Amino acid sequence: MPIDGQSTPTPGGSVPATVPETRRAVIVGANRIPFARAGGAYAKSSNQDMLTAALDGLIARFGLQEERIGQVAAGAVLKHSRDFNLTREAVLGSALSAETPVYDLQQACATGLETVVGLANKIKLGQIDSGIAGGVDSASDAPVVVSEGLREVILDLHRAKSLPQRLQILGRLRPKDLAPLAPGTAEPRTGLSMGEHQALTTAQWKISREAQDELALNSHHNLAAAYESGFFDDLMTPYRGLTRDANLRADTSLEKLAALKPVFGRNLGADATMTAGNSTPLTDGASTVLLASDDWADARDLPKLASVIDAEAAAVDFVHGKDGLLMAPVFAVPRLLARQNLTLADFDYFEIHEAFAATVLSSLAAWEDDEFGRTRLGLDGAFGIIDRSRLNVNGSSLAAGHPFAATGGRIVGTLAKMLHAKAASTGRPARGLVSVCAAGGQGVVAILESL
Amino acid sequence: MTFQEPVVLAEMPSLSKLYVNAAAQAARRRLLGTHDSAVLPEVSHEARGVTVGVENLTAYQHLIGETASDVLPAGFIHAVVFPLAMSVMNRDDFPLPLLGMIHLRNSVEHRSPLVFTAVLDMAARVENLRGHRAGTQVDVVAEVRLAGASDVRWRGVSTYLAKGVFLPGIDKPTAVAGKADFTAPDPTALWQLGVDTGRAYAAVSGDFNPIHLSVLSAKALGMRRSIAHGMYLASRALADVGPARGDSFAWDVEFEAPVFLPSRVALEIGTEQSCSGAWKHSRYVAWNPRSGRRHFSGTVSALQPLAGWPA
Amino acid sequence: MADTYTQLVNSGLGRNLAKKLNLPQPAVLRRYKPGQPLVIGPVVVLGDTPGADKLAAELLSWDLDVRRHAVPAEKLGAIILVLDGLQHPSDLEKPVLAAAGSLRDLRSGGRIITLSHPSAEASSPETAAARQGVDGFLRSLAKELRSGATGNGVLLADGTTTTSPSALGAVRFLLSGRSAFVDGQFLTVSTEDGALPAEPERPLAGKVAVVTGAARGIGAQIARTLHRDGATLILVDIPAAGDQLATVANEVRGTALQLDITGADAGQRIIDHAAQRHGRLDIVVHNAGITRDKLLANMDHTRWNAVININIAAQLRINEALLASEHFRTSPRIVSVASTSGIAGNRGQTNYAASKGGVMGMVRATAPLLASRGGTINAVAPGFIETEMTARIPFAVREVARRLNSLQQGGRPSDVAETIAFLASDAAGGINGEVLRVCGQNLVGA
């Protein structure tokens, strides 16, 4: 049946008849630094500083000093041109062996999750035995660039050969060229900020202010409870005096959230429902995840929390308004589950990145919508319902903050630990789904299973 | 229409000279009184062996959000041929005053791609003088071919209005088509147009019409602020439609409220696909997000390439 | 680094000035560095018992320059008085006066060591008097020594001799630069257990050790010292100190375990971590501790409980888990950090002194439980140690506290760490339930 969407294959349908045997990629553990609000505790720390701190904490946790890791993959969304080798520089500054190779990766907010997926695949293929996936972002130490006019003058001056040429080039400089430009958060092709894009999606799926505030409240309460129980003791290393995520408001309430004024969507005609309380703030931070083959982990007596089962990426045409900017996971998840022959009921935990409360709620609404399931996902009806008691149970980005590339590592580390604990307490395997939306209409989703 | 030998210009006319000439003509006509001819010159102006500057092309592509490919954007060709079109309207026997004419509509058939190394022959003429409730409108037709070839690769029809000019023998349209109420849809894009938008487009298109350049120059011509070039807006919309449009397409735009600078412009750009999922056409509409007034709207649709043309 | 004053009085001008003004003249102490000789210069072994002969023979086998009689005017590294045959106080005269003749020849950083039996085990009043006399003699002599020389005693309990493994271990420790800030102290060897290390420079090779409170100060130094001596380390501190903990862990190539030791499951989590990562646990150093000083009249519930919970209750709970664990069965070692405050008391530290007194009580009572599995538990009681914590004491008070000991200076974290490393080693296997002060023989608690 032709649909105006991204069809979901019938379960098992897209798997080649003979899948080559591959080995498992296991998650040994993770480490991150607490996330700071932009301009806060890490205001003067660079991406390299924070990534090194997160790496050093991971190395200390697992005793990886002088270890030559198969490969380290990390990245940042807001990146200085001087950081062309960000991850390598961080590794050289860490306690790892200087002979550890790395690669930098950039996939907007999905960077962190994609590094996990990429390294897990390399481990499965036998190309490496160990890997550290990571991500870092600083909204405080963001690159500021010179204007296009000044940049051209500088480059042309460099190419000029004679003094008259140089003077002539300098003569092109205008006062306005001297003003620096800060990085914009607007999508280049639409000029709309991420919040404005989500505001359109929010209106489209009729997500209420109350539902968004409630999700935000749960995020804060869940994260606060996780801290109280010591959940993050072996997932986090303090940095620059921060011992908890600075954005966490354990004492927030629906009344406090309801008092906030909408910030997105006011100029777009739609009812504005998105506030600073139900949107993630600009954040600084870094995260890392240690991945390994079974053999490598066993040889070092390392724990094995979970394994990376499978992943799927998707993208949507938001430029022409066909789908919301942050709705790509809505298509990726059904495809991934079909390939693995799973339904939403087969999962113990769901970790859906809270770019905005409304992003999560719009995704859930799309999956619960009969017509969307038929006409856009190519299913017989609605994709399914997520048990909200299994969603972001230890808090997510609304409370923790969202240093773009660091979010994937935060979620994978958190989920792996939860799955391991669940399996240990129930005696049966536990399964979790990770979903991260990203700028440019992208999304990456993955399945983890307990070990 | 009787056939007349085309006027072949030795080189592409200079737009700035044309604007000066137009100003002089306007003054002369004020002095001598408008001539009351209601007949368009039937001559075509041609320029042969025209080439484009690659630096200028790149600057144009970047400004409107096209990738700097080797193919000339449809709007760029419009800018290249524009001085030739102007030269026709600048003729003494052209019955309407050039200065102050308003661009109402533009319609381009981009039949097959032209690359930046191509040597081009261009032709422009005016036709279809007719009434408008607010004055008199006329079409300027421009055609571009590869040098020495006969088939038209690019054809543009620009409709201009000489506001307040009523020529003898040309009737106002009897029924004024009531404008449909416009309700702004959800935008898919939001443009932030700086005060220098007009100057930037003038620099890459060569169209230094004073109404686009600065508040002062615009005020000299009776505008309260400078306004964005219509073809800049339409070209950006075309760029936003993206590569789905393919190599061969028809591109129409209808201008309504001018975009005063600086300003924010909201757009909806939507695509329609055929049952098989192939792109059929895109529509775009732009409006002022504050007032809700429509600035312009248009379509880009597939054009079947004629058999025998190079792929 | 020595403190500024110690540096000053050890420079030319400062030395003269200090002499003229009769100011304290603290020496730069001889501290252990790998590769350095055990002791610099000849070692005189005084005493005519079989124990003395056997000890002298053993020391010869360590390639030491051993003398049975002092050669006049020869600079000496150490004088060892073997007093294991005392039966009457008058028996002290001969060896003591022999030592007296050599005292001026003792090098700076030299050592006086007595080996004798505990008076409590004496069979007659005369013997007891003689043995207890050693105590007073040695503590007084230690106060007469200058130039960083120290005097300490080894007490040989029933069934042990001068050449029992831990007696030799103790002699070795006391001769070495490891004991630089241990002065005027007695160490009891109670059993024949223990063994001298195969590699003297890596006495903890193959051992897995946990250090609590390892993120900074003395704890971090303990970690560095145990690492230097060959141990594999698990470093524990509260999650909030995790960044410093990670730095120390990466320096000593150990693993960082962020946990609150007052948690009910802290002991089990430590054991689980050790079992998973290393399959064993040999040494636990209870170093984590806090101070919340207030005069008792101003003491509140929070201050009192925080100190008691962290400094002693947590150790008791963790020990309980350790004693129940199958992974802590092979010659296990526990070393607790007590304090001279817990011995001598300190104004404003009723809570702290109660907790540290508690540590000493716990150590003595737990010793038999560990002995049954070939293990030991001991405590180290530091005096005034130059740390971030003591750096916050007001200058004048700090300066007084620092000089009020026989060595006229504060100790370093490494001095505490060296003693802990010794007590955690196989060489101390026969030392159990002891509290060893590392205080430069100070007069008050700190």
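The values are calculated or read from the model by the stated rules, or taken from the named source; none is laboratory data. Computed from a predicted structure; not experimentally measured. Here the Cβ positions follow ideal geometry from the backbone for every residue, glycine too, while neighbour counts run over all protein chains shown. Note: areas computed on protein heavy atoms with side chains; ligands, DNA, RNA excluded. Shrake-Rupley method; radii C 1.70, N 1.55, O 1.52, S 1.80 Å.
General remarks:
- Per-residue [θ]222 nm for chain B (sum of -39500 (n - 2.57) over DSSP H runs n ≥ 4, rounded to 500): -7500 deg cm²/dmol
- Rounded to the nearest 5, the antiparallel percentage of DSSP beta bridges internal to the protein assembly as shown is 60%.
- Computed with every protein chain present, the accessible area of residue B:70 is close to 90 Å² [probe 1.4 Å].
- Cα pair distances in chain B, grouped into 10 Å bins until the bin that holds the longest one, percent each: 6, 25, 36, 25, 8, 0, 0
- Positive-end residue, region C:31-189 charge dipole about Cα centroid, Cβ charges, pick of C:80, C:175, C:154: C:175
- When you filter the GluC sites (Glu not before Pro) in region C:247-329 for DSSP loop state and at most 15 other Cβ atoms inside 10 Å of their Cβ, you are left with C:326.
- Averaged over B:237-243, number of beta-carbon atoms from partner chains that fall within 10 Å: 2
- Within the shell defined by Cβ-Cβ distances under 11 Å, the residues around residue B:43 carry a net charge of -2, with Lys and Arg each +1 and Asp and Glu each -1.
- Peptide A:321-332 - average C-beta neighbours from other chains (10 Å radius): 1
- Bridging of residue A:417 to lysines at a Cα separation below 26 Å is possible for A:122, A:124, A:304, once same-chain residues fewer than 8 apart are set aside.
- Straight Cα distances below 19 angstrom link residue B:219 to the lysines B:163, with same-chain residues fewer than 8 positions distant left out.
- Proximity of backbone amide H atoms, modeled 1.01 Å from N, is registered between residue C:114 and C:81, C:152, C:153, C:154 at under 5 Å, excluding neighbours fewer than 5 places apart on the same chain.
- Cα centroid of region B:139-176 to Cα centroid of region C:322-336, whole Å: 97
- Solvent-accessible surface ranking, highest first, for A:251, A:141 at 1.4 angstrom: A:251, A:141
- Against the main long axis of the alpha-carbon atoms of chain C, helix C:350-371 sits at an angle near 80°.
- When the surface is traced with a 1.4 Å probe over the full set of protein chains, residue A:385 keeps roughly 120 Å² accessible.
- Alpha-carbon gyration tensor eigenvalues x 5, square-rooted, for region B:1-165, Å: 29, 17, 15
- In chain C, the longest principal axis of the Cα atoms and the axis of helix C:242-252 are about 40 degrees apart.
- Summing charges over all other residues whose Cβ lies under 13 Å from the Cβ of residue C:328, with Lys and Arg as +1 and Asp and Glu as -1, gives +1.
- Modelled spin-label separation between residue A:162 and residue C:97, with each label point placed 7 Å from Cα along the Cα-to-Cβ direction: 10.8 nm.
- Residues B:279, B:154, ordered by accessible area of protein heavy atoms at a 1.4 angstrom probe radius and largest first, appear as B:279, B:154.
- Normalised contact order of chain B, rounded percent, pairs of Cα under 8 Å and 6 or more residues apart: 17
- Highest mean first, the peptides C:428-440, B:242-254, C:279-291, A:109-121 sorted by other C-beta atoms within 10 Å per residue fall in the order A:109-121, C:428-440, C:279-291, B:242-254.
- Per-residue SASA remark: residue C:224, around 80 Å² accessible (1.4 Å probe; ligands, DNA and RNA not included).
- The mean count of C-beta atoms from other chains within 10 Å of the C-beta of residues in A:61-73, rounded to a whole number, is 3.
- Where A meets C: accessible area buried, both sides, 1.4 Å probe, Å²: 1500
- For region B:1-165, the residue among B:85, B:47, B:120 whose Cα projects farthest onto the positive side of the dipole built from Cβ charges is B:85.
- Normalising by residue count, chain C has a Cα convex hull of 145 Å³ per residue.
- The shape of region C:291-446 comes out oblate: with a ≥ b ≥ c from the C-alpha gyration tensor, a/c is at least 1.5 while a/b does not beat b/c.
- Across region C:208-438, C-alpha contacts under 8 Å between residues 6 or more apart give a mean separation that, scaled by the residue count, equals a relative contact order of 20 percent.
- Note on region C:279-319 and region C:138-203: Cα centroid distance 29 Å, given to the nearest whole angstrom.
- A simple packing score, the average count of other Cβ atoms within 10 Å per residue, orders the peptides C:67-77, C:166-176 as C:166-176, C:67-77, with the highest score first.
- Other residues with beta-carbon under 11 Å from the beta-carbon of residue C:70 carry, at +1 per Lys or Arg and -1 per Asp or Glu, a net charge of +2.
- Taking every Cα-Cα distance in the protein assembly as shown and sorting them into 20 Å bins from zero, the calculated P(r) comes out as 10, 28, 25, 18, 12, 6, 1, 0 percent.
- When each of the peptides A:26-37, C:183-194 is scored by the mean number of other C-beta atoms lying within 10 Å of its residues, the order from highest to lowest reads A:26-37, C:183-194.
- For region C:36-189, the Rg and Dmax computed from alpha carbons only, in angstrom: 14.0, 44
- Just so you know, the Rg over Rh for chain A is 0.99, from Cα atoms, with Rh as the Kirkwood radius.
- Rounded to the nearest 500, the helix-only mean residue ellipticity at 222 nm of chain A stands at -10500 deg cm²/dmol, with each DSSP H run of n ≥ 4 adding -39,500 (n - 2.57).
- Ordered from highest to lowest accessible area with the whole protein assembly present and a 1.4 Å probe, B:219, C:207 read as B:219, C:207.
- Normalised by the number of residues in region B:180-304, the average gap of Cα pairs under 8 Å and 6 or more apart makes the relative contact order 28 percent.
- Comparing Cα centroids, region B:50-82 and region A:420-440 end up 51 angstrom apart.
- Calculated log₁₀ intensity ratio I(q)/I(0) where the Debye formula runs over C-alpha points of region A:239-328, q = 0.20 Å⁻¹: -1.10
- Unit charges at the beta carbon, dipole of region A:330-451: most positive-side option, A:414, A:362, A:336: A:414
- Considering helices alone, the calculated mean residue ellipticity of chain C at 222 nm is -12000 deg cm²/dmol, with DSSP H runs of length four and up weighted by -39500 (n - 2.57) and normalised per residue.
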